[in-house]
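Values quoted throughout were computed directly from the atomic coordinates according to the rules given, and no laboratory measurement underlies them. Owing to the predicted nature of the structure, the values given are computational and were not obtained by experimental measurement. Here the Cβ positions follow ideal geometry from the backbone for every residue, glycine too, while neighbour counts run over all protein chains shown.
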Number of protein chains: 2
Amino acid sequence: MKADEKSAGRRSRAVAAKRTLIVNAALTLFSQFGLQGTRIEQIAELADVSKTNLLYYFPSKEKLYLAVLQDILTVWLIPLRALDNGLPPLEAISHYIRLKLEVSRDYPRASRLFCLEMLQGAPVLRGELEGDLHQVVDEKAQLIRRWIGEGALAETEPYQLIFMLWSVTQHYADFASQVEVLTGKTLQDPEFFSETLASIQQVIIGGLRPR
Amino acid sequence: MKADEKSAGRRSRAVAAKRTLIVNAALTLFSQFGLQGTRIEQIAELADVSKTNLLYYFPSKEKLYLAVLQDILTVWLIPLRALDNGLPPLEAISHYIRLKLEVSRDYPRASRLFCLEMLQGAPVLRGELEGDLHQVVDEKAQLIRRWIGEGALAETEPYQLIFMLWSVTQHYADFASQVEVLTGKTLQDPEFFSETLASIQQVIIGGLRPR
DNA sequence: GTCTATACAAAGATAGAC
DNA sequence: GTCTATCTTTGTATAGAC
């Protein structure tokens, strides 16, 4: 383009905006139909650009898929990293459940795409699981062990506890259609969100309270 | 074929056996790559039949997919139907957790395909969810309500409890790759199975115990 | 950067011989 | 029932004009 170095900033912003638009559309479709199940043309249509134009921004479907996954990983580790010892143990866990359920409510597509990746054996994210995620999880497992040692928490296998926290919260994103068929409700409904949060917290915290 | 009516039984059995073989291979691949992500040729290869021959038994990929899903649904409702009042409430739930975790261990592919179907908004199974599943779940929700009324269980929203039971057990099938990366273990490992079962039962049952 | 046209490959499905 | 050959559609990606 005619833009010289001085206008690179403006150009970059425009390019970035379009890339974001495409990634967003891609997230919608990839999370529903997977990599193979999504056609480039569908994404282009949803993002309101031409197929050719999309391929100008992302040279191949795989590259686009990768870009989407990297994007959601950023969001992914936030709640777990936030699980710290700034609060009393049971409150910290209670708070974590809220954060994670908010992720299910606010980023359901990201949650579902993550799930899809796991179902397939994490072909793309395996590296990140073994690196970043593993490290954070180990760290938090230590924290939980300390809490148990201090008698603030019932005896539990830390990993198992983490899996439980993940699963019960993530369920409302991944199985949203089932939840909706059976209850007629979504986490978007504030009352249903509160009821869900309260139920999970009640059972889990109740089960973790030391006797 | 030359078989007359009298040998129809034998022929039927042979046909049924081959159909089973194909459905089994299809389950493996569909559960990993979904409907669109799986090629007929892959299934044929895994089932050790030719592509053309597979298409003789199942006229199209969609028909095969449907056959697979119908097969897994049979397995699906068994544990929930078995949740009854033959036992004291907390023991009944404890037993249900075991059954459901055994399903995750013994039918991981079916669990994952079910998950995949839900992720996509249940395009194929929606009807079954609204019919069969809805009915059984309503029935069990009533049962749980009765238990709560009798003071045998802490106050909880029955649907939320059912979702919790589903999610914590199903997680070990759907997110098996994540579990394996983080712990190095599978439910196939008897010790890990026991540890998992005990952890879930401890937390959930502890949280459900009336105060 | 965006478009039209098109090359190229993959995959589902069918025809017809045996 | 099973095979070989083939048709047809669809989808990814590129070429080249503007």
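Each Lys or Arg adds one and each Asp or Glu takes one away; over the other residues whose Cβ falls under 15 Å from the Cβ of A:GLU41, this sums to +1. Using θ = phi - 60° in the Karplus curve 6.51 cos²θ - 1.76 cosθ + 1.60, the 3J(HN,Hα) couplings for the range B:155-161 round to 4, 8, 6, x, 4, 4, 5 Hz; x is entered for Gly and Pro.
In summary, the protein assembly as shown shows an alpha-carbon radius of gyration equal to 1.08 times the 2.2 N^0.38 Å reference for compact globular proteins.
Dipole magnitude for the range B:1-122: about 400 debye, using +1 per Lys or Arg Cβ and -1 per Asp or Glu Cβ, origin at the Cα centre. For the set A:LYS51/B:LYS61; A:LYS185/B:LYS100; A:LYS51/A:LYS100, the pairs lying more than 29 angstrom apart at their alpha carbons are A:LYS51/A:LYS100.
Quarter the surface of the alpha carbon convex hull of chain A and you get the mean projected area, 15.0 square nanometres. Evaluated over the Cα positions of the range A:51-118, the convex hull gives a direction-averaged projected area, one quarter of its surface, of 5.7 nm².
Positive-end ranking of A:LEU182, A:LEU208, B:ILE200 along the dipole of the protein assembly as shown, with charges on Cβ about the Cα centre, is headed by A:LEU182. The Cβ shell under 11 Å around B:ILE200 holds other residues with a net charge of 0, Lys and Arg each +1, Asp and Glu each -1. Electrostatic tally near B:LYS51: other residues with Cβ closer than 10 Å to its Cβ, Lys and Arg +1, Asp and Glu -1, net -1.
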